[in-house]
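The values are calculated or read from the model by the stated rules, or taken from the named source; none is laboratory data. Everything numeric in this text was worked out from a predicted model, so none of it was measured. Neighbour counts run over all protein chains shown; Cβ positions are idealised from the backbone, glycine included. Ligands, DNA and RNA are stripped out before the accessible areas are found, and what is left, the full protein with its side chains, is counted by its heavy atoms. Shrake-Rupley method; radii C 1.70, N 1.55, O 1.52, S 1.80 Å.
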Amino acid sequence: MKSALQFTIILALSTTIVAQSENISHSILKDVLLSTTTKSPPLDPLHSVMLKFSLSEQEVSPLLNKLDSVGQQVNWLSYVFSPRRALLVIDMQNDFITGSLKVTDAEEIVNPIAELIKEDVWNQVIYSQDWHPTDHISFFSNVDLRPLDETWLSEHPGNVSMFEEVVFKRYPPYAQVLWPDHCVQGSQGAEFHSNITTPKQTSVIQKGTNPMIDSYSAFFDNTGIKFSGSTGLRELVKGSTEVVVVGLAMDYCVGFTSLHSLELGYPTTLLRDMTRPVNKQT
């Protein structure tokens, strides 16, 4: 097992989503998070890091020198000694767990996420909530409300089917997977699972509210234009030293949220044991 220091480095300097080989789980992350303090960075970084992780000068000095060479020593020390962690709980809603767009084995992660939320390590907990109008473009039932792209139609003769990706006529053409009606505003299916509570220091971001465009990421709509269509989450996580992402579904909303978090420059960890995919092959 990797040392706490190694995992802290991964959390602080990550520029890609955690690879399969790292196998970071809730139990490992919890140990790392609970081992950190909220004190200001020490006056003597070398000896403070040595003391914190029970390491020798020969082990710590090269790390600090490397961090200093890329201008990241101060940031890293802040991450370790003054952490501001944001937990993003993505779309833990009835329709994705037991309803019209049920994700396989989604019920398995409800209680573990509920326990994770209660941990006293988060500066803030933020929930995303799919919140679609009845005429939303992602609903298969609405496919006839808007014209499809003529070029796409010529290349895809025949009837359109559920879960198919189509292209709608607009400039530029807009690609959209067609889903069952789900998470309709005000419906029971759009509500959070009853075991997922919203304690103090939490916020809720609603996404997919525009009938003309979907929103997989909790940060931005699916505009295809970088950092456009903001949901407001970008402003909420400002100042965070790291972001941890859990929820549904791994290959859509959780994955896109994690990628955008990384693009915004936040050390980001996706907890694979606290998410499930729509398609396990992805």
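Give the residues of region 220-278 that are among the acidic types (Asp, Glu) and either closer than 26 Å to residue 80 by Cα or crowded, with 22+ Cβ neighbours inside 10 Å (or both), sorted by residue number.
Here is the first cut: in region 220-278, the residues among the acidic types (Asp, Glu) are 221, 235, 242, 251, 263, 273.
Within region 220-278, 235, 242, 263, 273 qualify.
Please work out which residue is least open to solvent (accessible area, probe 1.4 Å), limiting yourself to region 41-62 and to residues that are under 19 Å from residue 83 (Cα atoms) and in contact (Cβ under 8 Å) with a residue 12 or more places away in the chain.
49
Given the conditions (1) among the aromatic types (Phe, Trp, Tyr); (2) at pLDDT below 90; (3) assigned to a loop (DSSP other than H, G, I, E, B), which single one is not true for residue 76?
For residue 76, the failing item is (3).
I'm told residue 134 meets every condition in (1) open to solvent by 30 Å² or more (accessible area, probe 1.4 Å); (2) at pLDDT below 95; (3) more than 25 Å from residue 234 (Cβ to Cβ) except one. Can you identify the failing condition by its number?
That leaves (2) as the condition not met.
Just checking, does region 221-228 include any residue being under 15 Å from residue 132 (Cα atoms) and modelled with pLDDT of 95 or more? Walk me through it before giving the result.
Going through region 221-228, the residues under 15 Å from residue 132 (Cα atoms) turn out to be 221-222.
Next cut, modelled with pLDDT of 95 or more only: 221-222.
Checked region 221-228: at least one residue is under 15 Å from residue 132 (Cα atoms) and modelled with pLDDT of 95 or more.
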